[in-house]
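Structure first, then comments.
Here, each number is a calculation from the coordinates, and none is a lab measurement. Given the structure is predicted, the values throughout are model-derived calculations rather than measurements. Cβ: placed from backbone, ideal geometry, glycine included. Neighbour counts: every protein chain shown.
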Amino acid sequence: MNQDLAIFIVPFALILACGLLAAGGLYFIDIRYLKDARYAFASVAAGAVILIVLEIVLYGSSVGFLKEQQLKTSLCELDAESAHPEARQGADAAVLHDAIVGCMKEAGYEWDANHRHCQDARIATNPFFYLPIATFDRAITGLQMKFE
């Protein structure tokens, strides 16, 4: 899904689903915004379906963001080691670090050492050191990384 489109569709769908659930639910406590019980049941069902679909989409995308970040980190490590085989053997470890960080920057990620997994060792191959530059990707990935 296009990121710019997702920024508008997801909140709209969430508001719509909550409105449908509220309108249907209020009918059953004698606050009648709907014509009859059939409309109330349909409203609750439609709101529930929209929420379930949103949950599936957002859960799948949030897992995908972090997994893609881990994959890109591994690919950058492979590229850096292929380009600088002497650095792995102890010649200059900073060359590998700079190459991996540069590769991740080109892939759309920036170095960020604020995650708790980053406190032990500052190594460029740790995917938790990076956050996407794009705002939507950054929000989803940042949220997922809090639970890792």
Long-range HN-HN contacts of TYR130 with modeled amide H, under 5 Å: ASP112
Proxy reagent accessibility, fewest Cβ within 10 Å first, across LYS105, LYS35: LYS35, LYS105
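I need to check one value: relative contact order of the range 3-146, counting alpha carbon pairs closer than 8 Å and at least 6 residues apart, in percent. Don't jump to the answer; show the numbers that get you there.
Values: 137 pairs, mean separation 27.2, N = 144.
Here the relative contact order equals 19 percent.
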Among THR135, VAL95, ILE56 the positive-end extreme of the charge dipole of the chain (Cβ point charges): ILE56
Cα lying deepest toward the dipole's positive end in the range 3-146, options VAL44, ASN114, ALA80, charges on Cβ: VAL44
Gain upon complete extension [ILE29, GLN89; 0.36 nm per residue less C-alpha separation]: 14.4 nm
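Taking only DSSP H segments of four or more residues, each worth -39500 (n - 2.57), what value at 222 nm results for the chain once the sum is divided by all its residues, to the nearest 500 deg cm²/dmol?
Working: 5 runs with 102 residues, N = 148.
Result for the chain, helices only: -24000 deg cm²/dmol.
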Sites excluded, chymotrypsin sites (Phe, Trp or Tyr not before Pro) in DSSP loops with at most 16 other C-beta within 10 Å, longest stretch of the chain: 34-146
Charged-residue dipole, Cβ positions (Lys, Arg, Asp, Glu), the range 3-146 about Cα centre, Debye nearest 20: 760
